[in-house]
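Below: the structure, in structure tokens.
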Amino acid sequence: MKVGLFIPCYIDQFYPQVGIATLQLLEKLGCVVEFPLLQTCCGQPMANSGFAKLSKGCDTNFVNNFSNYEYIVAPSGSCVLHVKEHLQSEDNPELAKHIRASVYELTEFLTDVLKITTLDASFPYKVGMHNSCHGQRGLHLSSMSETVAPAFSKPGQLLQMVKGLQLSYPQRVDECCGFGGTFCVFEEAVSVKMGKDRIKEHTANEVDYITGGDISCLMHLEGILKRQGSNTKTIHLAEILNSKL
Amino acid sequence: MKDHASLAEQFIKDEARTDWHDETLWFVRQKRDKAAYGLPEWEQLRTWASEIKDHTLSALDNYLVEFETNAIANGIKVHWAVDAAAHNKIVYDIMKAQGVKKLVKSKSMLTEECHLNEYLQQQGIEVVDTDLGERIVQFRKEPPSHIVLPAIHLKKQEVSDTFHEHLQTEKGNNDPQYLTHAARLHLREKFIESSVAITGVNFAVAETGGFVVCTNEGNADMGAHAAKVHIACMGFEKIIPKAAHLSVFLRLLARSATGQPITTYSSHFNKPRHGQELHVVIVDNGRSRQLGREDFRNSLKCIRCAACFNTCPVYRRSGGYSYHTAVAGPIGAILNPNLDVQAYSDLPFASTLCGSCTNVCPVKIDIHQQLWKWRQVVTEEAKVPISKKMGMRFMAWILDCNVNYKAAGKIGRWVMRNLPFLVKNKLNPWYKQREMPDAPKESFKEWYIKNKKA
Ligand code: SF4
């Protein structure tokens with residue numbers, strides 16, 4: 001299966017290891033992965049700040065890079081949701097529509113398209129799951145505590161396949177970590193307080209790692225953990241699923 | 001004026017109190033969850049509620065006229081107020097005609113929105129809020145901090161001190177039962193003294209011309225039953241077509257608000273009692289404008305249950321006053337910009353867009369989507385700091401094409417590694433309480449070109 005790999009800008013720049021893990025994992029699972037070299041960003045930073053009109057350039061670039069793929073996969077629920085909800089193209093509305101329907105967050109691609117049931121991975125640590133809001137409430141990667149419906153979790157399902165991994169959830173299972181894009185700087189006080197509160201619940205579970213599907217949330221939590229001098233680390237789901245420790 | 005971010009920062013300075021505030025409201029959210037999970041048909045009820053409200057808004061003019069016709073036939077006097085000032089004047093004129101100077105008022109967020117208390121007090125009228133929480137904040141000359149739990153920001157000790165000052169209760173006696181008993185005695189007197197009672201309206205039924213008021217304390221009933229004149233004030237979106245629809249809304253309202261199956265009192269007022277005057281004031285105050293905004297129209301479906309407040313991780317950690325307006329929280333952040341886009345331009349940004357509000361909303365308002373859309377409007381219509389605009393343009397310029405992006409990334413990471421003081425300083429809000437991520441030598445793209453490109 002041919003897959004267009006979309007690596008969001010902040011992963012590309014600050015967390016290349018997440019991109020590498022995603023690529024290797026998809027290849028291991030038999031996909032032919034192509035990484036369009038002229039890709040940059042999905043435009044979400046501008047759009048969520050109220051400047052959607054400034055994200056047209058990003059949209060055009062995205063369409064140029066990804067219109068040839070049946071499957072576009074990215075290790076970020078937030079960026080995938082942005083593309084799904086907001087990607088527009090005045091010149092090629094059909095192509096934009098095609099992309100919006102073909103873009104997948106990594107975990108849902110594994111569970112729903114590749115439908116994997118086993119995984120050759122091991123990660124002998126205590127891991128706390130952070131449900132990032134855009135993946136969860138936007139893409140429905142897992143059930144949500146607010147709505148009355150049967151429980152499920154696509155990332156949880158995948159983590160179950162990893163040998164040696166002990167999975168735990170914080171008490172408030174899907175409360176936001178406070179990253180929120182530019183919220184994290186414009187509302188710095190609330191943002192950090194929210195992050196600290198998430199961390200408190202994870203450390204109560206004595207986890208070695210906090211994981212999730214969005215490195216943006218993890219970067220925010222990591223920043224706080226490091227400032228606190230904590231031993232708890234953050235790691236992207238793709239890195240765990242690609243681990244053989 | 002201070003914006004949400006700075007008011008929130010002030011609030012959070014007292015971290016222990018912030019934790020207490022967060023946990024108190026989270027407890028209410030959990031009670032709501034339990035009540036919702038208790039009804040297998042919960043999501044179906046939300047869908048019905050949403051559809052009834054959508055339908056009503058699509059034919060609001062007809063339903064309002066139907067309500068008016070039926071209310072008048074029932075002997076109710078119906079008034080129309082185009083804005084807050086008109087609403088306040090209508091109430092005052094009724095008072096004047098009665099020649100009375102005192103009134104009791106049960107909870108009505110509309111009268112908060114219209115600043116009725118301040119207006120009437122300026123005319124020399126004594127207004128007594130009879131909802132316990134509202135009475136507490138009224139003693140303290142504070143506005144409500146939450147639309148259902150007006151004094152939720154106060155601790156028992158503070159209530160005790162307030163009552164000691166105003167009701168001469170024993171100093172330091174924090175016993176809730178003792179304090180509510182004192183409030184009850186005090187309020188009974190006020191009920192008896194006042195010949196005018198104001199109540200809010202939760203649901204106005206077009207088909208019957210009657211309306212329903214929901215309270216837990218029965219204070220709306222005490223007021224309305226003791227007074228010669230009952231004035232009910234409502235925003236025009238409170239209409240529902242049929243009495244049967246109450247079977248949907250009454251089941252949702254209290255469960256969403258506090259986790260109770262139903263409010264203790266759901267009182268139906270259909271006509272004045274013998275010898276009583278019953279007035280209904282129907283208020284627009286910007287609602288027509290909101291109805292005309294396609295993207296924001298369905299915010300008028302709100303039944304003011306405050307579930308979105310209790311679930312909002314930002315509200316819980318910043319308190320009601322950080323929204324500097326009568327209706328705070330997520331719903332306030334999409335209603336207030338309609339009233340004054342400049343004054344409330346900060347509110348759509350007081351959210352991470354996590355979407356929890358949308359999920360709890362019993363009438364399925366797409367709150368977080370509307371926050372996103374208001375952001376787009378605000379940057380067009382309100383004054384945005386030029387630095388923010390320029391910053392966004394610059395960011396867009398970098399991200400638009402691969403050449404600029406690659407260069408900027410490389411330079412940025414080089415700076416972070418070699419000149420860390422440029423980013424690790426007080427001017428960088430990220431760095432205030434968080435470390436910067438490590439800046440790797442190689443981006444993913446660089447790695448890919450080196451290792452993978454055939
Ligand atoms: S927006 Fe929805 S959740 Fe919020 S107060 Fe209104 S009805 Fe309740």
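The values are calculated or read from the model by the stated rules, or taken from the named source; none is laboratory data. These numbers were taken from a predicted model, which means no experiment stands behind them. Cβ coordinates were reconstructed from backbone atoms using ideal geometry, including for glycine residues, and neighbour counts include every protein chain displayed. Note: areas computed on protein heavy atoms with side chains; ligands, DNA, RNA excluded. Shrake-Rupley method; radii C 1.70, N 1.55, O 1.52, S 1.80 Å.
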* Structure fact -> Between residue B:155 and residue B:242, the two model label points (7 Å from Cα along the beta-carbon direction) sit apart by a distance in nm of 5.2
* Asked: Based on the alpha carbon coordinates of chain B, what radius of gyration and maximum Cα-Cα distance (Dmax) apply, in Å?
  -> 25.5, 92
* Extension reserve of the residue B:178-residue B:382 stretch, reckoned as 0.36 nm per residue once the Cα distance is removed -> 68.5 nm
* Structure fact -> For region B:225-370 (alpha-carbon point model, no solvent) the Debye-based log₁₀ I(q)/I(0) at q = 0.13 Å⁻¹ works out to -0.68
* Structure fact -> In whole Å, largest first, the alpha carbons of the protein assembly as shown cover along the principal axes 92, 57, 50
* Under 13 Å Cα to Cα from residue B:373, which aspartates and glutamates show up? Leave out anything in the same chain fewer than 8 places away. => A:85, B:294, B:295, B:381
* Could you check how much of the accessible area of chain B is carbon and sulfur, as a whole percent, using a 1.4 Å probe? => 56
* Share, in percent, of DSSP beta bridges within region A:126-241 that are antiparallel, nearest 5 -> 10
* Which FRET efficiency, nearest 0.05, do residue B:140 and residue B:276 yield, Cβ-Cβ r, R0 45 Å? -> 0.85
* **Cα gyration tensor shape of region B:391-451, rounded if a/c is under 1.5, else prolate or oblate by comparing a/b with b/c** => oblate
* So what's the angle, to the nearest 10 degrees on a 0 to 90 scale, between helix A:56-66 and the longest Cα principal axis of chain A? -> 90
* Structure fact -> So, with points 7 Å from each Cα along the Cβ direction, the residue B:415-residue A:1 label distance in nm works out to 4.1
* Mind jotting down the distance between the C-alpha centroids of region B:113-178 and region B:235-303, whole Å? => 25
* To do: Would you mind telling me the antiparallel percentage of the DSSP bridges in the protein assembly as shown, rounded to 5?
  => 15
* Asked: Among the listed pairs B:31/B:155; A:28/B:424; B:388/B:426; A:244/B:410; A:28/A:233; B:53/B:107, which are separated by more than 29 Å between their Cα atoms?
  -> A:28/B:424; A:244/B:410
* Asked: Isolated Cys in chain B by the 4.7 Å beta carbon test?
  -> B:114, B:214, B:233, B:302, B:305, B:312, B:361, B:401
* Per DSSP H run of at least 4 residues, take -39500 (n - 2.57); add these up for chain B, divide by its residues and hand me the 222 nm value, nearest 500 deg cm²/dmol. => -16000 deg cm²/dmol
* Asked: What is the helix-to-structure angle for A:188-204, meaning the angle in degrees between its Cα long axis and the longest Cα principal axis of chain A, kept from 0 to 90 and rounded to the nearest 10?
  -> 50
* To do: With a cut-off of at most 14 other beta carbons within 10 Å, and DSSP calling the residue loop, which trypsin sites (Lys or Arg not before Pro) in region A:65-169 qualify? Please list them.
  => A:115
* Structure fact -> For chain B, dividing by residue count, accessible area per residue (probe 1.4 Å) in Å² works out to 43
* Mind jotting down the distance between the C-alpha centroids of region A:137-172 and region A:59-107, whole Å? => 25
* Working from the pairwise distances between different alpha carbons, so that the mean of 1/r is found and then inverted, what is region A:126-241's Kirkwood radius in Å? -> 14.3
* To do: At a probe radius of 1.4 Å, figure out the B/A buried accessible area, summed over both chains, and give it in Å² to the nearest 100.
  => 6500
* Asked: Just the accessible area per residue of chain A, please: how many Å² with a 1.4 Å probe?
  -> 35
* Asked: To the nearest 10 degrees, how steep is helix A:77-86 against the longest Cα principal axis of chain A, on a 0 to 90 scale?
  -> 30
* Based on alpha-carbon positions alone, could you give the equivalent ellipsoid semi-axes of region B:39-285 from the gyration tensor, as √(5λ), descending, whole Å? => 30, 23, 15
* To do: Give, as a single signed number, the net charge of other residues whose beta carbon lies under 12 Å from the beta carbon of residue A:168, with Lys and Arg counted +1 and Asp and Glu -1.
  => -2
* To do: Please work out the FRET efficiency for the pair residue B:189 and residue B:264, using the Cβ-Cβ distance as r and a Förster radius of 25 Å; give the result to the nearest 0.05.
  => 0.65
* Asked: Are there trypsin sites (Lys or Arg not before Pro) in region B:147-235 that DSSP puts in a loop and that have at most 13 other Cβ atoms within 10 Å, and which ones?
  -> B:171
* Structure fact -> On the formula 1/(1 + (r/R0)^6), with r taken between the Cβ atoms of residue B:74 and residue B:167 and R0 of 45 Å, the FRET efficiency rounded to 0.05 is 0.70
* Asked: Any residues in region A:38-52 that have 50 Å² or more less accessible area with all protein chains than in their chain alone, probe 1.4 Å, and which are they?
  -> A:40, A:46, A:48, A:50, A:51
* Structure fact -> Correct response: the longest run of chain A lacking exposed GluC sites (Glu not before Pro), defined by DSSP loop and at most 14 other Cβ within 10 Å, is A:91-205
* Label residue B:438 and residue B:451 with points 7 Å out from Cα along Cα→Cβ: what is the distance between them in nm? -> 1.5
* Cα extents of region B:209-309 along the three principal axes, largest first (Å) -> 46, 31, 25
* Could you tell me the convex hull volume per residue, in Å³, taken over the Cα atoms of region B:1-124? => 225
* Structure fact -> Counting only DSSP loop positions in region B:40-134, the GluC sites (Glu not before Pro) whose Cβ has at most 12 other Cβ atoms within 10 Å are B:41
* Structure fact -> At 37 °C and 0.692 mPa s, the Stokes-Einstein diffusion coefficient in µm²/s for chain A, with hydrodynamic radius from the Kirkwood sum on alpha carbon pairs, is 179
* Carbon and sulfur together cover what percent of the accessible area of chain A at a 1.4 Å probe radius? -> 52
